[in-house]
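Each remark here refers to the structure printed beneath this line.
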Amino acid sequence: MDNATLAALRQHWGPIVGISLSSLPWPAHHRAKEQVQQPGWKQGFFGKVMSLTVSSFATALLLDADSIPLADPEGLWNDASYKATGNLFFPDFWATPVSNQKQELAYDMAGLEHIPAQALLAGGKGRLRRDTESGQLLFDLVKHADVAEWALWINSFGDAVYKTVWGDKDTYGLAFAVAGKAHVFNQLQVPPGAALAWRNGSLLVKATHQTQAGWQLAGM
């Protein structure tokens, strides 16, 4: 973000603090910076996770740039499940099968037995068992600083991990499991609503990474 844009945002929404992640000291206990920044994989996911670990706030509401709140999000801090667990994630449209072999590899990479870990995480996802959407999340960085660090570590291996999961959104549950906190992973039980548009040849099928005609998300 350029300085003029940041100044305009401060004028209308201040106080706003901008942080250049590339200028921050690299955490020595994580994978070498030169390895993380290698070309060919989506580093934007890593920057998103790193923003949590360098935040100066006790709690963080993370919103993607294309997320537009339709109501004041302040009420999320009063959600009973968030108060109890210190985290609140939102469900995606997808529900990856429990027996997905590619995703099982991610658990193997993190040193986890996928069946018991997935069972504990599923308890926090409720009966719908949908994947996690990370475009919006609420996170207590005091209570779960260890989870944020594990998420950063897992995403630093994005060149391998992102071949088994769908970007950073699938790694937060992994981080809770690695930290021994899979039982407190908390995901909203209400499925997302959406506006859809029919498009030819532009619907991305998650399982095959191929495009075809179909209903495509226009907003949710």
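The values are calculated or read from the model by the stated rules, or taken from the named source; none is laboratory data. Please read these numbers as outputs of a predicted model, since none were measured by experiment. Ideal geometry is used to build each Cβ from the backbone, glycine not excepted, and the neighbour counts take in all protein chains shown. The area values use the complete protein model at the heavy-atom level, side chains included, leaving out ligands, DNA and RNA. Shrake-Rupley method; radii C 1.70, N 1.55, O 1.52, S 1.80 Å.
Things worth noting here:
- Relative contact order computed over the range 59-173 (Cα-Cα under 8 Å; 6+ residues apart), in percent: 40
- A full extension of the chain between residue 28 and residue 54 corresponds to an added length of 8.0 nm, given 0.36 nm per residue minus the alpha carbon distance.
- Rg over Rh, two decimals, the range 80-178 (C-alpha only, Kirkwood Rh): 0.93
- Accessible surface of the chain, 1.4 Å probe: 59 percent of it comes from carbon and sulfur atoms.
- A dipole drawn for the chain from +1 and -1 charges on Cβ atoms has a positive end, and of 107, 80, 11 the residue lying farthest that way is 107.
- Cα gyration tensor shape for the range 21-122, rounded if a/c is under 1.5, else prolate or oblate: oblate
- The chain - mean residue ellipticity at 222 nm from DSSP helices (-39,500 (n - 2.57) per run, n ≥ 4, rounded to 500): -9500 deg cm²/dmol
- Under the criterion of Cα pairs below 8 Å and six or more residues apart, the relative contact order for the chain equals 24 percent.
- Within the range 139-168, backbone nitrogen closer than 20 Å to the virtual label 7 Å beyond the Cα of residue 190 toward Cβ: 139
- For the range 148-162, the residues whose backbone nitrogen is under 11 Å from a point 7 Å from the Cα of residue 105, taken along Cα to Cβ, are 160-162.
- Across the chain, counting alpha-carbon atoms alone, Rg and Dmax equal 17.9, 50 Å.
- Once the chain from residue 72 to residue 20 is taken as fully extended at 0.36 nm per residue, the excess over their C-alpha distance is 16.0 nm.
- Surface analysis of the chain yields an accessible area of 58 Å² per residue, using protein heavy atoms and a 1.4 Å probe.
- This model, with +1 at the C-beta of Lys and Arg and -1 at the C-beta of Asp and Glu, gives the chain a dipole about its Cα centre of some 280 debye.
- Counting DSSP beta bridges with both ends in the chain, the antiparallel % (nearest 5): 95
- The range 1-68 shape via C-alpha gyration tensor axes, a/c threshold 1.5: prolate
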